[in-house]
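Undergrad: I am attaching a structure below and will ask some questions about it afterwards.
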Amino acid sequence: MSLHSPLHQRHLALNAKLADFGGWDMPIEYPAAQGGGVIAEHLAVRERVGIFDVSHLGKAEVVGNGALDFLNELITNDLTKIADGQAQYTMLCDDKSGGVIDDLIVYRKSASNLFLIPNASNTTAVVTAISEVAPPGITVNNLHKDFAVIAIQGPNSKDVLAKLGVSPTLDYMAFAEITLDGTPTIICRTGYTGEHGYELLPAWSEAEKIWDRLAEGIKEFNGRVCGLGARDTLRTEMGYPLHGHELSLSITPMQAGASWAIGWKKPKFWGKSIAESEKINGAHRLLRGLKSLDRGIPRGGMQVKLGEKVIGEITSGTFSPTLREGVALALLDPTIAVGDTVTIDVRGRESSALVTKPPFVPSHVK
Amino acid sequence: MSLIPEELRYTKEHEWLVATEIPTIVRVGITDFAQSALGDIVYIQMPKIGENIKADAVCGEVESTKSVSEIYAPVTGVVKRVNEALNKNPELVNSEPYGQGWIAEIEISDVSVIEKLLSAAEYRTLTA
């Protein structure tokens with residue numbers, strides 16, 4: 001039985017092509033006949049503005065006296081580096097293996113109130129892992145269906161909001177509670193596209209009101225409603241990891257190049273000893289970018305070779321709508337350097353690719 | 001509703017076929033239903049000119065932003081022409097699957113096979 005977003009009826013009315021995302025029936029793209037499709041939606045975000053329903057994302061809270069200090073001893077990044085009203089990208093690792101249970105965004109509302117956005121399919125695992133070790137007085141609540149998440153992304157995103165009477169002067173990764181046309185919502189300067197953008201978290205029951213305002217507001221800027229297909233090509237162009245691909249219980253933060261999201265000075269966090277060991281001794285594989293040098297389009301699971309030797313595997317790959325060529329993220333042997341040329345086994349054909357350091361297109365988030 | 005022109009023949013693998021130089025040269029492509037299901041097409045691996053292809057065997061690939069699908073030869077024959085325009089503009093398969101988005105022309109030896117393929121009505125039933 002698939003779960004449905006509070007905007008499901010809107011997607012059906014738009015004839016969206018739906019697909020399963022972590023147990024949720026979500027739009028992958030909107031019909032080409034109405035100007036949609038992955039490429040059109042992708043380019044709308046890069047050049048103008050797009051809105052996404054990402055209500056399948058998890059929501060949870062860790063509340064109670066000392067919640068911040070408690071959570072900070074579990075997650076990789078350091079919550080004391082941000083102030084109340086700011087959000088942070090972080091990871092929750094398995095303490096023994098050092099692998100990643102999930103990567104998530106933590107909203108620091110106060111030292112006793114943290115709001116979490118885990119991935120849809122990992123929400124239960126995150127909530128369970130944290131609750132199991134929560135001391136008396138600190139509670140962890142799964143709020144998956146209490147809030148919707150609607151992203152508005154692209155260079156015109158702030159103009160759309162301004163026309164709707166919202167002029168959030170938010171720094172990157174800062175959030176605030178606002179009302180949009182009378183509807184209260186949290187708004188955060190975050191996203192998963194590499195463009196200037198916002199994520200809005202209205203109450204589940206208010207999602208349609210916010211969606212309808214934004215869907216109307218983007219028209220003036222020739223914006224588009226966008227599915228999760230475009231979200232994936234946008235994030236791949238930025239080299240952003242997706243759990244289950246670039247991060248997983250068998251892939252550590254150091255292997256995925258996510259050491260920037262580790263608070264090294266913290267006395268403890270889950271997976272610290274593994275992360276430190278990999279920092280000193282080097283990881284046995286590293287996440288790199290690959291750019292096709294021919295018409296081949298790399299896909300997840302394909303082998304990467306140097307000569308006859310297998311030196312790694314593609315974790316995510318696609319046709320880049322911006323560059324109009326194949327791009328991929330791959331876990332490669334650490335001796336392979338940026339600038340090397342490797343081959344990808346594309347269903348039995350050899351395709352050559354250049355090893356790069358993502359992003360593949362410039363970031364405009366700040 | 002996908003477009004299914006009456007004058008074409010179809011396969012259950014969502015290819016279409018029409019005789020262009022009667023009786024022996026047929027033009028093939030993928031159907032409107034197929035292109036719509038695939039989404040934005042970004043690359044087409046076409047068969048090679050002169051290649052002998054066999055009915056129901058894989059003779060190429062259509063790659064969209066999301067996935068890859070194989071093209072099955074609707075008939076046995078020799079590839080006479082491929083649509084070179086698709087190398088530069090693969091999206092023609094999305095916009096004109098039965099026109100500028102044709103994929104290859106094949107010379108066949110046994111014209112009777114055409115009649116054995118699905119009619120428009122039969123293909124409509126299949127995709128309903």
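Undergrad: Please state the charge dipole magnitude for segment B:9-108, taken about the Cα centre, from unit charges on C-beta atoms (+1 on K and R, -1 on D and E), reported in debye and rounded to the nearest 20.
TA: Numbers: 9 positive and 15 negative charges, 32 e Å.
Dipole size: approximately 160 debye.
Undergrad: Here is a further query. Would you tell me the accessible area of residue A:254, worked out with a 1.4 angstrom probe on the heavy atoms of the protein chains, in Å² to the nearest 10?
TA: That residue has around 30 Å² of solvent-accessible surface.
Undergrad: Counting only residues 5 or more places away or on other chains, whose amide H sits under 5 Å from the amide H of residue A:242 once H atoms are built in the peptide plane?
TA: Those qualifying (amide H under 5 Å, at least 5 residues apart or on another chain) are A:247.
Undergrad: Divide by every residue of chain A the summed helix terms, -39500 (n - 2.57) for each DSSP H run of at least 4, and state the resulting mean residue ellipticity at 222 nm, rounded to the nearest 500 deg cm²/dmol.
TA: Values: 8 runs with 72 residues, N = 366.
-5500 deg cm²/dmol, from helical runs alone.
Undergrad: Here's another thing I want to ask about it. Pop out the ³J(HN,Hα) list for segment A:216-224 in order, Karplus 6.51 cos²θ - 1.76 cosθ + 1.60 with θ = phi - 60°, rounded to Hz; leave Gly and Pro as x.
TA: 6, x, 6, 4, 4, 9, 6, x, 9
Undergrad: Here's a follow-up. Let me check I have the definition right: for segment A:146-290, take the eigenvalues of the Cα gyration tensor, multiply each by 5, take square roots. What are those semi-axes in whole Å, largest first? Let's see the in-between values first.
TA: Working: eigenvalues 252, 61, 34 Å².
Semi-axes (√(5λ), whole Å): 35, 17, 13.
Undergrad: A follow-up question, please. So for segment A:48-156, averaging the separation of alpha carbon pairs under 8 Å that are six or more residues apart and normalising by length, what relative contact order in percent results? Walk me through the numbers before you get to the answer.
TA: Values: 226 pairs, mean separation 46.4, N = 109.
Relative contact order for segment A:48-156 comes out at 43 percent.
Undergrad: Cut-off 10 angstrom, C-alpha nodes, Gaussian network model of chain B. Which of B:115, B:61, B:51 fluctuates the most?
TA: Top of the fluctuation ranking is B:115.
Undergrad: Can I ask one more? Checking the table B:66/B:116; A:163/A:209; A:96/A:279 against a 26 Å threshold on Cα-Cα, which pairs fail? Display every interim value, and only then the final one.
TA: Working: B:66/B:116 33 Å; A:163/A:209 16 Å; A:96/A:279 16 Å.
As for pairs spanning more than 26 Å Cα to Cα, those are B:66/B:116.
Undergrad: At 7 Å along the Cα-to-beta-carbon direction for both residue B:111 and residue A:264, put a label point, then send me their distance in nm to one decimal.
TA: 7.7 nm
Undergrad: Also, quick follow-up: Non-local amide H neighbours of residue B:59 (under 5 Å, H modeled in plane, Pro and chain starts lacking H): which ones?
TA: Amide H neighbours of residue B:59: B:71, B:72, B:73.
Undergrad: Sequence neighbours fewer than 8 away in the same chain don't count; with that in mind, list the aspartates and glutamates whose C-alpha is under 16 Å from residue A:309.
TA: A:333, A:340, A:345, A:350
Undergrad: Using label points projected 7 Å from each Cα along Cα→Cβ, tell me how many nm separate residue A:337 and residue A:65, to one decimal.
TA: Going by the 7 Å Cα→Cβ label model, 5.7 nm.
Undergrad: Return the sequence-ordered ³J(HN,Hα) values of segment A:332-338 in whole Hz as given by the Karplus equation 6.51 cos²θ - 1.76 cosθ + 1.60 applied to θ = phi - 60°, using x for Gly and Pro.
TA: 10, 3, x, 6, 6, 10, 4
Undergrad: Measuring from the lowest to the highest alpha carbon on each principal axis, how far does segment B:9-108 reach, largest first, in angstroms?
TA: 35, 25, 21
Undergrad: Within the set of other residues whose C-beta is less than 14 Å from the C-beta of residue A:307, count the net charge using Lys and Arg as +1 and Asp and Glu as -1. Display every interim value, and only then the final one.
TA: Details: positive: A:305, A:309; negative: A:308, A:333, A:340, A:345, A:350.
With Lys, Arg at +1 and Asp, Glu at -1, the neighbours total -3.
Undergrad: What is the ratio of the Cα radius of gyration of segment A:215-351 to 2.2 N^0.38 Å, where N is its residue count, to two decimals?
TA: Normalised Cα radius of gyration, segment A:215-351: 1.22.
Undergrad: Which one, A:241, A:298, A:334, has the greatest fluctuation when you compute a Gaussian network model over chain A with C-alpha springs under 10 angstrom?
TA: So, out of A:241, A:298, A:334, the one fluctuating most is A:334.
Undergrad: Still on this structure, please answer the following. In vacuo Debye scattering of segment A:89-164, one point per C-alpha: log10 I(q)/I(0) at q = 0.20, 0.26, 0.27 Å⁻¹?
TA: -0.99, -1.35, -1.39
Undergrad: Given the options A:326, A:301, A:58, which has the most mean-square fluctuation in a GNM of chain A, springs set between C-alpha atoms less than 10 angstrom apart?
TA: Sorting by GNM fluctuation, first place goes to A:301.
Undergrad: Just to confirm a number: summing +1 for Lys and Arg and -1 for Asp and Glu over residues other than residue A:248 whose beta-carbon lies under 14 angstrom from that of residue A:248, what do you get? Kindly include the intermediate steps, with their values, before the conclusion.
TA: Working: positive: A:285; negative: A:94, A:102, A:103, A:246, A:313.
With Lys, Arg at +1 and Asp, Glu at -1, the net is -4.
Undergrad: Let's test this: bin the Cα-Cα distances of the protein assembly as shown at 20 Å from zero up to the farthest pair and state each bin's percent.
TA: 22, 49, 25, 4, 0
Undergrad: Which whole number in µm²/s is D for segment A:1-105 by Stokes-Einstein, with the Kirkwood Rh taken over Cα pairs at 25 °C and 0.890 mPa s?
TA: 145 µm²/s
Undergrad: Let me ask something else about it. Determine the dipole magnitude for chain A: charges of +1 sit on the beta-carbon of Lys and Arg, -1 on that of Asp and Glu, nothing else is charged, the reference point is the Cα centre, and the result goes in debye to the nearest 20. Walk me through the numbers on the way to the answer.
TA: Details: 36 positive and 41 negative charges, 125 e Å.
My answer is approximately 600 debye.
Undergrad: Work from the charge dipole of chain A (Cβ charges, +1 for Lys and Arg, -1 for Asp and Glu, about the Cα centre) and give the residue of A:198, A:365, A:165 farthest towards its positive end.
TA: The one lying farthest along the dipole's positive direction is A:365.
Undergrad: For chain A, what does the relative contact order come out to in percent, with C-alpha contacts under 8 Å and a separation of six or more? Present the calculation step by step, with values, prior to reporting the outcome.
TA: Working: 891 pairs, mean separation 67.5, N = 366.
For chain A, the relative contact order is 18 percent.
Undergrad: In addition: Taking K and R as +1 and D and E as -1, what net charge do the other residues with C-beta under 15 Å from the C-beta of residue A:100 add up to? The partial results should precede the final answer.
TA: Working: positive: A:96, A:272, A:285; negative: A:94, A:95, A:102, A:103, A:246, A:278.
In short, -3.
Undergrad: Considering Cα pairs under 8 angstrom that are at least six residues apart, work out the relative contact order of segment B:9-108 and quote it in whole percent. All intermediate terms of the calculation are to be shown ahead of the outcome.
TA: Numbers: 228 pairs, mean separation 32.2, N = 100.
After rounding, I find 32 percent.
Undergrad: Along segment A:235-244, what does the Karplus equation 6.51 cos²θ - 1.76 cosθ + 1.60 (θ = phi - 60°) give for ³J(HN,Hα), rounded to whole Hz, x for Gly and Pro?
TA: Once θ is set to phi - 60°, the couplings for segment A:235-244 become 6, 5, 4, 8, x, 6, x, 10, 4, x Hz.
Undergrad: Whose amide H sits under 5 Å from the amide H of residue A:311, counting only residues 5 or more places off or on another chain, with H placed in the peptide plane?
TA: Excluding prolines and chain starts, which carry no amide H, the hits are A:304, A:305, A:306.
Undergrad: Can you pull the percent of Cα pairs in segment A:284-360 with separation above 14 Å? Intermediate results must be reported in sequence, preceding the final value.
TA: Values: 1489 of 2926 pairs.
It works out to 51 percent of all Cα pairs.
Undergrad: Cα centroid distance between segment A:261-315 and segment A:56-97, in Å?
TA: 24 Å
The values are calculated or read from the model by the stated rules, or taken from the named source; none is laboratory data. A quick note: this is a predicted structure, and the numbers were derived from the prediction, not measured. Note that each Cβ is placed from the backbone with ideal geometry, even for glycine, and that neighbours are counted across all protein chains shown. Areas reflect the complete protein model, heavy atoms only, side chains present, ligands, DNA and RNA absent. Shrake-Rupley method; radii C 1.70, N 1.55, O 1.52, S 1.80 Å.
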